[in-house]
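The values are calculated or read from the model by the stated rules, or taken from the named source; none is laboratory data. Bear in mind that the values here come from a model prediction, so they are computed numbers and not experimental data. Cβ coordinates were reconstructed from backbone atoms using ideal geometry, including for glycine residues, and neighbour counts include every protein chain displayed. The area values use the complete protein model at the heavy-atom level, side chains included, leaving out ligands, DNA and RNA. Shrake-Rupley method; radii C 1.70, N 1.55, O 1.52, S 1.80 Å.
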Amino acid sequence: MAFSQCMSVLVGCPASPTQLPDGPCLIVDAESIDQKDLIAQKFYCAHYPEPPVDNVVLLNQTVISEFDHQIIDWNIFSDSRFNGPSTLSELSEQYPNLRLIESRKIEGITLSTVLTHQKIISDPLSTFELILYEGDPLVALQSLKEWLARCTRISLRGLVTSSKSREAAEAFLGASGFCKSSVDSCVWTPELEISSLHLSIIRCGLLALFNADIYRELFPQTKEMTDVELIDHWLSQPSFREIAKEMEKSIHNPLDRDGLLALFNADIYRELFPQTKEMTDAELIDHWLSQPNFSDVSKLINDAIQRNPNQLSELTDQDPSLQLLQHIFPFELYRSQRPDLLQISNRELINHYWQNGQYEGIDLSESNVKNILDRDQSLQVDRLTSRVHELEHLLSCANAQISAMQKLIIGSRDSGAINEQD
C-alpha cells in the first residue's frame with residue numbers, strides 16, 4: 001500500500017481563502033461558512049478553475065475540545081483572530097486594546113473523532129497535515145490521540161494566542177517527537193520521517209506478530225478477510241490500542257490452562273469475589289483474566305494465601321496443586337538419599353519431605369537435582385568406559401589363546417604326532 005499525504009486538516013478557516021492548501025481540505029470552524037462561496041472566492045482570486053465541491057469539507061459551528069460533547073465557552077473579541085476559549089484576562093497583558101464582544105457556548109468534539117469519520121484517511125497508512133488557526137493549540141494537539149502518529153506536518157503560522165498557550169503547545173510537540181522546521185519556525189515535523197519502505201517493513205513485522213485467529217473471534221464479520229486485510233481493519237479502528245489489549249488477554253487465556261488451574265487458589269478467589277461462588281474453577285480463571293486489574297488481583301490472592309496457607313496433608317489426590325507437585329517431585333532421587341523410605345508411597349513421601357525436609361539437609365532444588373543427574377550420568381559413562389576396557393582386554397587375551405592353540409595344532413600336524421595317533 002502506498003504511503004500518501006491524503007488531506008489537510010484546518011482548525012479554523014484562514015482569513016484569506018487563497019491560504020487554503022491544494023488538495024482535499026477539512027475545515028473545523030466555530031463560525032458558519034458557506035462552502036461554495038469559499039471555494040469560488042479562492043479560485044477566483046487565484047485565477048484557477050473551480051475545483052469539485054467535495055474537495056473541501058466543512059464542520060461549521062464546531063470547536064475542538066478535550067473530550068466529545070464538552071461545552072466550551074467561546075469568546076468573541078474585537079479582533080476576530082483572538083476568538084476562542086482564551087479569556088480577556090489571559091490576553092489583555094499582551095494585547096491591552098483587545099475588547100470582549102460576547103461569549104457563546106459551543107459543543108466541542110475531539111480531532112480524533114473528527115478524523116475517524118473521514119473516509120479519505122481510513123487507510124491506516126494514509127497521513128495528513130494539521131494547520132491551526134483558532135482555539136487552544138494544546139487541546140487540539142492532545143485531542144488527536146493516536147492520530148498524531150500519522151500527522152506529517154503541523155503549522156501554527158496563522159494562530160494568534162497567548163505566549164503561555166503557544167509555549168505549552170510547542171513543549172507538547174517537542175515531547176511527542178516533533179521538531180521545528182529549519183526553514184519555518186511556525187512549522188513542526190516529525191523528527192523521524194517514515195517512508196513507504198519503513199511502513200512496508202513495519203507492516204511485515206505486524207503481520208508476523210498479529211494473531212489473526214483471535215482477531216476473527218473478536219470481530220466475526222472479518223472471518224472472510226485475509227490476514228493482510230485484518231491488519232488494515234485493526235489499524236483503521238479508533239480504539240486499536242484497546243483492541244490490542246483485548247487480543248492479548250484472549251491469547252493469554254488459553255495458555256497452559258491446566259497449569260493455571262493447578263496454581264490457582266479457587267477458594268481464596270471465591271472469598272475475594274463472593275459473586276463467583278457458584279462458578280467452576282475453570283470459569284473462575286476466565287473471570288480473573290477478564291479483570292482489567294487481574295495482576296493486582298493476583299497479589300491479593302497471594303497475600304491471602306500467605307496469611308492462611310493450606311497444609312499439604314489436607315490436599316486431596318484430585319487437587320490440581322498436588323497433582324502438579326507429584327508430576328515434578330524427584331521421587332527416585334529422594335529415595336536414593338533416604339533408603340529407609342523405599343517402601344512408602346509417593347504421597348507419603350511428599351508429606352514426609354514437607355514436614356522434615358528442611359531438617360534433613362537434602363537439597364531437592366531444580367539446580368541441585370540437575371547437577372546430581374549430570375553427575376550420575378557422568379559416573380555411568382565412566383563405569384561403562386571401564387567395563388568396555390575390561391572386555392577389550394579379555395577379548396585380546398582370548399584372541400591370544402586362540403592364536404596359541406592354532407600354532408600348537410599346526411606344529412603337532414607338522415611333526416606327525418596327530419597322524420601317528422590315527
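Extension gain for the segment Glu102 to Asp213, taken as residue separation times 0.36 nm less the Cα-Cα distance, is 34.3 nm to one decimal. Cα-Cα over 29 Å: which of Lys145/Lys299; Lys223/Lys245; Lys245/Lys370; Lys105/Lys245; Lys119/Lys245? From the list (Lys145/Lys299; Lys223/Lys245; Lys245/Lys370; Lys105/Lys245; Lys119/Lys245), the Cα-Cα distance tops 29 Å for Lys145/Lys299; Lys245/Lys370; Lys105/Lys245. Other residues with beta-carbon under 13 Å from the beta-carbon of Asp340 carry, at +1 per Lys or Arg and -1 per Asp or Glu, a net charge of 0. Ligands, DNA and RNA left out, the 1.4 Å accessible surface of the range 121-169 is 50% carbon and sulfur atoms. Exposure check, 1.4 Å probe, all protein chains in place: Cys6 carries approximately 30 Å² of accessible surface. Projecting the Cα positions of Val57, Leu141, Gly108 onto the charge dipole of the range 57-150 (unit charges on Cβ atoms of Lys, Arg, Asp and Glu, taken about the Cα centre) puts Val57 furthest along the positive direction. Calculated accessible area for the range 133-180 comes out at 42 Å² per residue, all protein chains present (probe 1.4 Å; ligands, DNA, RNA ignored).
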